[in-house]
Amino acid sequence: VACVASALGLLTSMNAPAASIAAWDLTGSNSVAFATATAFDTRLATAPTLIRGTGAATSTGANSFRTQGFQNNGISTANTDYFEATLAAGSGYALSLSTIDARFAGTATFAASPGVSAQFAYSLDGANFTLIGSPFALIGSPATNSQIALAGISALQNVPAGTTITIRYYASGQTTTGGWGFHSPSAGAYALDFGGTLD
C-alpha cells in the first residue's frame with residue numbers, strides 16, 4: 001500500500017481543489033471483498049478500507065468495487081446494500097472533510113435512463129447515519145458524479161483523534177440485480193477520493 005502525505009502535495013483529487021485524504025485506484029480489482037486505500041495521508045490513524053454492507057455482496061466487474069445488491073429499492077440509511085469507508089485522524093490531529101469525488105461503472109440495464117439514484121451518508125458513531133445533500137442521478141456507464149462538497153457540514157469539520165467518521169454510499173438502479181460500483185477507468189484514476197485537511 002502506498003502511503004502518501006497530502007501535505008507534500010503528491011496526491012491530488014480528481015477535480016483538484018482539495019488535498020486528498022484517502023483515495024482508491026481500483027485498477028486490477030475484480031470481485032474483491034474489500035479494498036484498502038491506494039494512497040492516503042499518513043496522519044490518519046489507520047489506512048482506510050472500503051467494505052460492504054451485508055446486502056452488497058461482491059460481484060464481477062473489471063477495475064471495480066461492485067455489487068449486484070443495490071437493487072431498485074430506493075435510498076434509505078436502513079438499507080443493508082451500501083459501501084462503507086471509515087476515516088480517523090491520528091493522535092494529535094483533527095480531520096476536516098471537504099469533498100467526495102467518485103467514478104462508477106455497471107451493467108447497462110441497471111444504469112439506463114432515468115439512471116442510478118445514489119447518495120452518501122455520514123456518521124460519527126457508526127450507527128446513526130445522516131444523508132448528505134440530495135440523491136444524485138447517473139445515467140449510463142461509466143459515469144462520474146459531480147463533486148460533493150462537505151465543508152458546509154459542521155459535524156465533519158475538526159473531528160478530533162479518537163472519533164471515527166464513517167461514510168456510506170447507497171444506490172438504487174433500474175433493475176433488481178444489475179451490477180454497479182466504484183470504478184477506475186485507467187491506471188492512476190481514482191474511483192473514490194476524499195478531500196480535506198488534517199491539522
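The values are calculated or read from the model by the stated rules, or taken from the named source; none is laboratory data. Note that the structure is a prediction, hence the values are computed from the model and not measured. Heads up, the Cβs are rebuilt from the backbone with ideal geometry, glycines too, and the neighbour counts pull from every protein chain shown. All accessible areas refer to the heavy atoms of the entire protein, side chains included, with ligands and DNA or RNA removed. Shrake-Rupley method; radii C 1.70, N 1.55, O 1.52, S 1.80 Å.
The table below lists the values:
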| read-out | value |
| --- | --- |
| In region 49-74, the residues that are in contact (Cβ under 8 Å) with a residue 40 or more places away in the chain and in a loop (DSSP other than H, G, I, E, B) | G53, T60, G61, N63, Q68, F70, Q71, N72, N73, G74 |
| Filter result (buried (at least 24 other Cβ atoms within 10 Å of the Cβ) and more than 16 Å from A191 (Cα to Cα)) within region 19-56 | D41, A56 |
| Hits in region 80-97 - residues which are open to solvent by 30 Å² or more (accessible area, probe 1.4 Å) and polar (S, T, N, Q) | T80, T86, S91 |
| Close pairs from region 99-121: first among the basic types (K, R), partner buried (at least 21 other Cβ atoms within 10 Å of the Cβ) and at pLDDT 95 or above, Cβ under 8 Å, at least 6 apart | R103/F182; R103/H183; R103/S184; R103/Y190; R103/A191; R103/L192 |
| Qualifying residue in region 120-131 (condition: touching an Asp or Glu at 6+ places or on another chain (Cβ under 9 Å) and on the phi < 0 side of the Ramachandran plot) | no |
| Considering residues of region 57-78 that are within 23 Å of A155 (Cβ to Cβ) and out of contact with any strand residue (DSSP E or B) (no Cβ under 6 Å at 6 or more places or on another chain) only, the residue least open to solvent (accessible area, probe 1.4 Å) | S76 |
| Subset of region 74-103 that is under 16 Å from the mean Cα position of the chain (by Cα) and of a type in the set (F, W, Y) - its residue that is nearest to T164 (Cα to Cα) | F83 |
| Long-range neighbours under 6 Å by Cβ, at least six apart or interchain, first residue touching a residue at least 40 places away in the same chain (Cβ under 8 Å) within region 142-161, second of a type in the set (K, R) | T144/R103 |
| Within region 104-120, considering residues that are open to solvent by less than 10 Å² (accessible area, probe 1.4 Å) and small (G, A, S), the one nearest to the chain's Cα centre (by Cα) | A118 |
| Residue match in region 150-167 (condition: at pLDDT 95 or above, buried (at least 19 other Cβ atoms within 10 Å of the Cβ), β-branched (V, I, T) and more than 30 Å from A112 (Cα to Cα)) | yes |
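Conditions (1) more than 12 Å from W180 (Cβ to Cβ); (2) in a loop (DSSP other than H, G, I, E, B); (3) open to solvent by 10 Å² or more (accessible area, probe 1.4 Å); (4) of a type in the set (S, T, Y), marked per residue:
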residue: Y122; (1), (2), (3), (4): yes, no, yes, yes
residue: A127; (1), (2), (3), (4): yes, yes, yes, no
residue: G133; (1), (2), (3), (4): yes, yes, yes, no
residue: G140; (1), (2), (3), (4): no, yes, yes, no
residue: S146; (1), (2), (3), (4): yes, yes, yes, yes
